[in-house]
Amino acid sequence: MVELSEPFLELNGITKRFGNFVAVDDVNLEITEGEFFTLVGPSGSGKTTMIRMLVGMDAPSDGEMRLQGRVMNDLPANKRPTCMVFQSLALFPHKSVGENIEFSMKITGKDKVKRRARVDQLMEQLRLPLSYYEKSVTQCSGGERQRIALARALAFDPQILFFDEPLSALDFRLRKALEKELKDIHRETGKTFVYITHSLEEAMVMSDRIAIMREGRIVQIGTPHEIYNNPKNKFVAQFMGEVNTLSVEKAGENTLRVTGFDDIFTVTDDLSDFTTGFLIIRPEVMKIGRSAADMKNKIKGIAFNDYALGSRVQYQIRIEHFDEPWLVERLQDEPYEGQRGDTVDIGWRPEDSILVSN
Ligand code: ATP
């Protein structure tokens, strides 16, 4: 975790229009030197458009981008102290691993011996065997190519590295391993990383801070911990994964009524300024069966389905007047004692729900 101090990269009112369509809408952002900052959003939310402007592949329609205080709007891509690692990695297929990595140094005319020393250093840092120098990149695995692309980007000695979903094409296990590796490399290099992904889960593992984008706007910026514990609205809460979502209105000083129904639930939030919103309850805080018996917030339903989710089991509970099934998760070695088809209590503690605006 880095100390947040002076802004390194500053965006003021950044907007990108394509004809009448606004792809990025008045984005204001400050990124600190050495930070691992991730832009997350669903498909079409404007992440790629943002990063294209940041690396100089596109110009903003409005707004100002400053790097260390200097406006860089009109600086062409090849003059920016930034480098991009693409989803496709864009390695030169006919060149060896070493030639790919030293590409930028060759262009800038760096002497051969120094070049080789730097390539060796980068290969070591990225845990690539030095014997790979001569190996063709076409003979490397997905994970190795990822590291070669990163070594090539680091060889530019950029001030900021931008990443456009570099892990999205990889299989699950490799992706998980590389997420951690990327975080380690970030720490070791001390560089500023700006990463884009549609996976909040991926962002949570690696980032110091996350900005959540929706329809060209940033809806929330915070540390993974802040976003997880205090999602700003229903969109952010639901973007984090499967959750139970209830449309609610204020009923009493610390109680909410499910909109249009008689169910009343207790919360610990201050409701003095609240009228309507959404109550979010994560499946893993929900109790089922005997363990739900003493819960302050309780409701009855039919356990009609269950799914193994690795270390946990998810139960789906049908409750008559709710369209969506309720989700409850238990650890696999502490399964719910009942049977599929049973009528069962489910419940949660007031302090375990999250109240958000629309
Ligand atoms: P994905 O995760 O699918 O890559 P994204 O968040 O990166 O999505 P963008 O590629 O930035 O989204 O696109 C944002 C919006 O801008 C989309 O609706 C897209 O269709 C639109 N858009 C992007 N580039 C152009 C363009 N050159 N001309 C017109 N519209 C564009």
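The values are calculated or read from the model by the stated rules, or taken from the named source; none is laboratory data. Keep in mind that this is a model prediction, so the values were computed, not measured. Here the Cβ is made from the backbone with ideal geometry for all residues, glycine too, and neighbour counts use every protein chain on show. Heads up: the accessible areas ignore ligands, DNA and RNA and are worked out on the full protein's heavy atoms, side chains in. Shrake-Rupley method; radii C 1.70, N 1.55, O 1.52, S 1.80 Å.
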Next item on the list: Go through segment 220-236 and give me each residue that's β-branched (Val, Ile, Thr) and within 16 Å of the ligand (Cβ to nearest atom).
Entry: 236
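I'd like to verify a number: residues in segment 173-219 that are more than 20 Å from residue 150 (Cβ to Cβ), of a type in the set (A, V, I, L, M, F, W, C) and more than 16 Å from the ligand (Cβ to nearest atom), how many?
Count: 1.
Does residue 292 meet the test of being out of contact with any His (no Cβ under 7 Å at 6 or more places or on another chain), without any contact (Cβ under 8 Å) to a residue 60 or more places away in the chain, open to solvent by less than 20 Å² (accessible area, probe 1.4 Å) and closer than 16 Å to residue 328 by Cβ?
Considered against the rule, which asks whether it is out of contact with any His (no Cβ under 7 Å at 6 or more places or on another chain), without any contact (Cβ under 8 Å) to a residue 60 or more places away in the chain, open to solvent by less than 20 Å² (accessible area, probe 1.4 Å) and closer than 16 Å to residue 328 by Cβ, residue 292 comes out as yes.
Does residue 332 satisfy the criteria of being modelled with pLDDT under 90 and surrounded by 12 or more Cβ atoms within 10 Å (Cβ to Cβ)?
Details: modelled with pLDDT under 90: yes; surrounded by 12 or more Cβ atoms within 10 Å (Cβ to Cβ): yes.
Yes; evaluated as a whole, the condition is true for this residue.
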Checklist line | segment 46-94: number of residues that are modelled with pLDDT of 95 or more and assigned to a loop (DSSP other than H, G, I, E, B) | finding: 3
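Residues are listed down the side, and each one gets a yes or a no for (1) of a type in the set (A, V, I, L, M); (2) under 20 Å from the mean Cα position of the chain (by Cα); (3) assigned by TED's automatic domain parsing to the domain that holds residue 177:
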{"residue": "193", "(1), (2), (3)": "no, yes, yes"}
{"residue": "206", "(1), (2), (3)": "yes, yes, yes"}
{"residue": "217", "(1), (2), (3)": "no, yes, yes"}
{"residue": "221", "(1), (2), (3)": "yes, yes, yes"}
{"residue": "229", "(1), (2), (3)": "no, yes, yes"}
{"residue": "258", "(1), (2), (3)": "yes, no, no"}
{"residue": "282", "(1), (2), (3)": "no, yes, no"}
{"residue": "290", "(1), (2), (3)": "no, no, no"}
Note to self: Checking the structure you have, find out if any residue of segment 56-64 is closer than 19 Å to residue 193 by Cα, of a type in the set (Gly, Ala, Ser) and surrounded by 15 or more Cβ atoms within 10 Å (Cβ to Cβ).
What the structure shows: yes
Next item on the list: Among the candidates 139, 125, 159, single out the residue that is at pLDDT 85 or above, within 24 Å of residue 197 (Cβ to Cβ) and open to solvent by 40 Å² or more (accessible area, probe 1.4 Å).
Entry: 159
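Just give me the residues in segment 328-358 being among the polar types (S, T, N, Q) and out of contact with any Lys or Arg (no Cβ under 7 Å at 6 or more places or on another chain), in sequence order. Don't jump to the end; show me each part of the working.
Taking segment 328-358 first, the residues among the polar types (S, T, N, Q) are 332, 339, 343, 353, 357-358.
Result: 339, 353, 357.
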Next item on the list: Only residues that are open to solvent by 40 Å² or more (accessible area, probe 1.4 Å) and farther than 22 Å from residue 285 by Cβ: list them for segment 214-226, please.
Entry: 214, 215, 217, 218, 221
Next item on the list: Can you tell me which residue within segment 24-34, out of those that are part of a strand (DSSP E or B) and either closer than 28 Å to residue 186 by Cβ or at pLDDT below 95 (or both), is nearest to the ligand (Cβ to nearest atom)?
Entry: 24
Checklist line | Long-range neighbours under 6 Å by Cβ, at least six apart or interchain, first residue assigned by TED's automatic domain parsing to the domain that holds residue 344 and surrounded by 13 or more Cβ atoms within 10 Å (Cβ to Cβ) within segment 305-329, second assigned to a strand (DSSP E or B) and basic (Lys, Arg) | finding: 313/330; 325/318; 329/312
Check: Could you list, in sequence order, the residues of segment 314-349 that are of a type in the set (Lys, Arg) and either on the phi > 0 side of the Ramachandran plot or not in a strand (DSSP E or B) (or both)?
Finding: 340, 349
